[in-house]
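First up is the structure itself, then whatever we jot down about it.
The values are calculated or read from the model by the stated rules, or taken from the named source; none is laboratory data. The structure presented is a predicted model; accordingly, all values stated were derived computationally and were not measured. Ideal geometry is used to build each Cβ from the backbone, glycine not excepted, and the neighbour counts take in all protein chains shown. Accessible surface is based on the protein model in full, side chains and every heavy atom, while ligands, DNA and RNA are left aside. Shrake-Rupley method; radii C 1.70, N 1.55, O 1.52, S 1.80 Å.
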Amino acid sequence: MALQSGPAAKAAPLNGWRWIYYAAPIAFCLYLHWLGLKTWFSQDDFAWLSLRLHVHNFDDLMRVLFTPMAQGTVRTLSERAYFLVFYSLFGLDALPFRIWAFLTQFASIVLLMNITRRITGSNLAGFLAPVFWCAHGAMAVAMNWNSAYNELLCGFFILSAFYFLLRHIESGARRDLAGLWVCFLLGFGALEHMVVFPALAALYSLCMARSYLRKTLPLCLPSIAFAFLHFAVIDRAPDPQYRLYFDSSMFSTFGTYWMALMAAFRAGDEMKNAHGHGIPLFIGLTLCLVGFALWRLVRKDLRGIFFLGWTVTLLAPVLPLKNHIYDYYLTVPLTGVAMLGAWACSRAAERKMTAAVAMLVAGAYLHMSMSDVREGLEWFYQRAHGMKILVLGVEAVHKAHPERAIFLAGVTSTVFWAGLGDHPFERLLGLRNVYLTPGSENQIRPEPARERISIYIAPASAANRALESGQAAVYALGARALVNVTSSYLSVLGTQAPAGAPALVDAGNPLFSANLGPGWYKLDAGFRWMSKSATVRMAGPSSEGEMLALSGFFPESVGVNGAISMTVSADSVELGKKTVSQPGEHFTLRFPLPAKLVGRPEIELKISLDHTTRVPGDERDFGLVFGQFEIQPAAAAH
């Protein structure tokens, strides 16, 4: 087929079968992913859900919608607005979130069917493309996890913009051009991947409609502006997982993703799922798809090359992220190989021998991929279900006993990293007195580049005092609810040796009141003021090189008298002097601990300020507001 000015050939009319034709792939998607409708929140979801608690006026709303977060991203529509709107309307009911995500995917399915039909001229190819797409194991992530909604919404905008591109090339109508630009620009609010859409439009024009190539150039302007803002203006967090490597590692990263695209294994997935027949499937699918594209190329048909280029183009933004390889990045690139595979099957169906081969290969792909999807769905569901029991259970316990601290026992690595490490109780419920029981750290596997587990563990001495005095209760994760195990926990506690001083003291938590000496005022709404000097008793460092970290807040009411100089000592050994100079800001100060303090079971810290402030109508002298005092390993201080 020679190069031409538009899509290949028109597909046959659907007539009365139209609704069944479009409904069947949607029904297949719903059948395969239905458990995703029941999946609750997990991990990053809790950070996005908490955004609603920071909105009190219009200025707050604008800041929450457009301030760069999470590695400098500004995903206004797919993260900020999505979580703000649904949490405001439905609270912690996850079903409306999931329904909206599924509706977005259903719309994308219809778009993919229309695009495939227009390019290939085949109704069968249009029918099979979304089936191959939805059946891939990587789709379990986007169809289960609310924080991956950005992938679904980006896919919708890319397919919408491309659909309008095809319509505009055919009709030249301004309304189609307007639809193209609206979807393209809105896509930047979903995911940064939208930046490559001009390359996708140019690739199609080059392969199928060269006269339109120059008309795709204006699309580059928003992408260039967006890339400039993202890389040159917005400060990004120095997280090694998100560091970009523009070197030869991009080829190996592409190879990893290509193997995952061919259903050989799950790239970067926590389940570590792999097929016994993954490599043969990878080889078979690669030979079939690439071979078919080359066979069509020999006949001067560039559509197969375009479908491969579609996949490579949409993978390009994540190839520099060699330390962050994950399945959900395949959500949108999968559409390219899905269209290619569907077209290959439709051509193979024209002859009995090739039809049998196509059925064999497609059947093997669907069998293994659908097994992956089911495993992934079940894994995500069970993990999120544990978080649902914990979060809603803690909320119910707090309402019944608001004065008690809550200790959680028996928390495993899976449950902890499913969301407990994302502070759901403090972020969503405003609770700072929920801890894991002492010793829980031995059951949880540390994760690289994640927050230290120790900050979630209740210090043994504080936990013992709280439990013995009735100020706290212990709960374990049951099948459907939290189970009060305080009495059995206390019986075990009675056989253990007395706990020593804690390595972490939270001045704003009543559990640690016994560790605070003179100089502190009464607890006030989750924080505590100090006067001109105050003392804290805590464990000494266990090894050389450890640091003392102090976190607190410098109120503006105190800042009117200027910066505050702070002197910190431990057992009369001066640790250093530092100045707090930004009123209205939180601060974290670190002081090296001398070797002479190593091994001491308890030390007394003394914090002294050079001046205080007296508020009109109050006879107290106010210094600073403090939160946590913690002994940290040297590595944690960076």
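A few comments on the model shown:
- Pairing each residue of segment 179-201 that is open to solvent by 30 Å² or more (accessible area, probe 1.4 Å) with any residue that is not charged (D, E, K, R), provided the two are 6+ apart or on different chains, yields C-beta distances under 6 Å for L186/F157; V195/S223; V195/F226; V195/A227; A199/T313.
- In segment 60-92, the residues that are assigned to a helix (DSSP H, G or I) and in contact with a Phe, Trp or Tyr (Cβ under 7 Å, 6 or more places away or on another chain): T76, S78, E79, Y82, F83, F86
- Residues of segment 519-552 satisfying the condition of being open to solvent by 60 Å² or more (accessible area, probe 1.4 Å) and closer than 23 Å to Q632 by Cα: F527, R537, S542, E544
- Subset of segment 361-374 (residues that are open to solvent by less than 30 Å² (accessible area, probe 1.4 Å) and in contact with a Cys (Cβ under 7 Å, 6 or more places away or on another chain)): A362
To keep it simple, each residue is scored yes or no on (1) open to solvent by 40 Å² or more (accessible area, probe 1.4 Å); (2) in a loop (DSSP other than H, G, I, E, B); (3) within 21 Å of F282 (Cβ to Cβ).
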residue: V332; (1), (2), (3): no, yes, yes
residue: T335; (1), (2), (3): no, no, yes
residue: G341; (1), (2), (3): no, no, yes
residue: C345; (1), (2), (3): no, no, yes
residue: M359; (1), (2), (3): yes, no, yes
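- For segment 18-59, the candidate set comprises residues that are free of Cβ contacts under 8 Å to residues at least 40 places away in the same chain and outside any helix (DSSP H, G or I); within that set, the residue that is nearest to F127 (Cα to Cα) is V55.
- Residue within segment 390-413 that is in contact with a His (Cβ under 8 Å, 6 or more places away or on another chain), open to solvent by less than 10 Å² (accessible area, probe 1.4 Å), farther than 26 Å from V141 by Cα and of a type outside the set (G, A, S) present: yes
- Meets criteria (assigned to a strand (DSSP E or B), open to solvent by less than 20 Å² (accessible area, probe 1.4 Å) and not polar (S, T, N, Q)) for L589: no
- Residue count for segment 63-108 satisfying the condition of being at pLDDT 90 or above and loosely packed, with under 15 Cβ neighbours inside 10 Å: 10.
- Of the residues making up segment 266-273, at least one is open to solvent by 60 Å² or more (accessible area, probe 1.4 Å) and either modelled with pLDDT of 90 or more or within 20 Å of the chain's Cα centre (by Cα) (or both).
- Enumeration of residues in segment 375-385 that are surrounded by 15 or more Cβ atoms within 10 Å (Cβ to Cβ) and either without any contact (Cβ under 8 Å) to a residue 12 or more places away in the chain or hydrophobic (A, V, I, L, M, F, W, C) (or both): L377, W379, F380, A384
- Tally of residues being at pLDDT 95 or above and open to solvent by 10 Å² or more (accessible area, probe 1.4 Å) across segment 154-174: 4
- Checking S569 against (1) modelled with pLDDT of 90 or more; (2) out of contact with any helix residue (DSSP H, G or I) (no Cβ under 7 Å at 6 or more places or on another chain); (3) buried (at least 19 other Cβ atoms within 10 Å of the Cβ), the condition it does not meet: (3)
- Residue match in segment 575-590 (condition: at pLDDT 85 or above and under 19 Å from G517 (Cα atoms)): yes
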